[in-house]
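Novice: Please see the structure below; I have some questions.
The values are calculated or read from the model by the stated rules, or taken from the named source; none is laboratory data. It should be emphasised that the depicted structure is a prediction, and the values quoted were computed from it without experimental measurement. Note: ideal-geometry Cβ built from the backbone for every residue, glycine included; neighbour counts use all protein chains shown.
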Amino acid sequence: MDIGKVLARMMVIVADDEQFSRAIVLRMVRELGAVDAEPVRNGEEGLVLLAQARDKAPLLIADFNMPRCNGLQMLKAIRAGRAFVANDMPVIMLTGYSDFALVRVAMALDVDAFVVKPVSKATLSSRIEKILGETRDIKPAEQYAEIDIESVCNRMIRNEPLGRPLPPAPKKVASGAIQVKLEDVPEGVVLGDDIRTKDGELLLAAGHTLNARFLRRLRELKAVTKIEFLTILPPAK
């Protein structure tokens, strides 16, 4: 894929309330080939621009934490069909957070990629190329409308810790489960043990089948989540 030619036909919106970070990402996408790349300071401004992107396919690169309308609220508006654009438009989330509450909600809303701050041009280019070249399975808008993001967003606004200290969860490791490096986990295997934060907050329960999208998101966030291994059931031979 010639990423420059693809980006040249798109409207790229960079939403971040931090001017320095916004300027860096904007410069990167323009260097990668974006001709129509617009900076916004918050989600409200971003949604207004999206409503004007009728003649170009849009791409959103948004920070988690912004005033007035944050990245999660933008993502939900898009996926729930409230943003006057197709609900399957690609969305990349910028984050410096390691909190699983944010990650879990963003993944439930089928964010297309995470990029951990500070952003590198090589990483951003790789994420854009992958999401524009892959088959994406986005659900009907009404399913996203039911996802609750308010408790997480309210704590972000109040600058409160998002994780809740919990007692250690009882181990329920499936019989025969093995530990495998995150990079080596194949898609389609069954999770043999819960994925939890250090405070015990659940990200994904044992018994779920690990699809390619979920594994990519975990690998993208490895620098902040510190997840090195997953416990899985061995693939059937």
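Novice: In the range 175-199, what count of residues is obtained for those that are at pLDDT 90 or above, under 13 Å from Leu218 (Cβ atoms) and in contact with a helix residue (DSSP H, G or I) (Cβ under 9 Å, 6 or more places away or on another chain)?
Specialist: Total meeting the criteria: 4.
Novice: Which residue out of Val12, Val40 is in contact with a Gly (Cβ under 8 Å, 6 or more places away or on another chain) and not acidic (Asp, Glu)?
Specialist: The match here is Val40.
Novice: I'd like to verify a number: residues in the range 68-81 that are in contact (Cβ under 8 Å) with a residue 60 or more places away in the chain and not small (Gly, Ala, Ser), how many?
Specialist: Residues in the range 68-81 being in contact (Cβ under 8 Å) with a residue 60 or more places away in the chain and not small (Gly, Ala, Ser): 5 in total.
Novice: On to the next question. Please work out which residue is surrounded by the fewest Cβ atoms within 10 Å (Cβ to Cβ), limiting yourself to the range 217-237 and to residues that are among the β-branched types (Val, Ile, Thr) and more than 24 Å from Ile131 (Cα to Cα). Walk me through how you get there before you give the answer.
Specialist: Initial filter on the range 217-237 (among the β-branched types (Val, Ile, Thr)): 224-225, 227, 231-232.
Okay, now just the ones that are also more than 24 Å from Ile131 (Cα to Cα), so 231-232.
Working: Thr231: 18, Ile232: 20.
Going through the qualifying residues, I end up with Thr231.
Novice: What pairs come out if I take residues in the range 1-20 that are in contact (Cβ under 8 Å) with a residue 24 or more places away in the chain and within 23 Å of Thr95 (Cβ to Cβ) and pair them with residues that are assigned to a strand (DSSP E or B) and among the β-branched types (Val, Ile, Thr) whose C-beta lies under 6 Å away, six or more apart or interchain?
Specialist: Once the first residue is in contact (Cβ under 8 Å) with a residue 24 or more places away in the chain and within 23 Å of Thr95 (Cβ to Cβ) and sits in the range 1-20, its partners that are assigned to a strand (DSSP E or B) and among the β-branched types (Val, Ile, Thr) give Val14/Ile61; Ala15/Val40.
Novice: Do you know which of the residues in the range 21-35 that are closer than 14 Å to Ile92 by Cβ and touching a helix residue (DSSP H, G or I) at 6+ places or on another chain (Cβ under 8 Å) is surrounded by the fewest Cβ atoms within 10 Å (Cβ to Cβ)?
Specialist: Leu32
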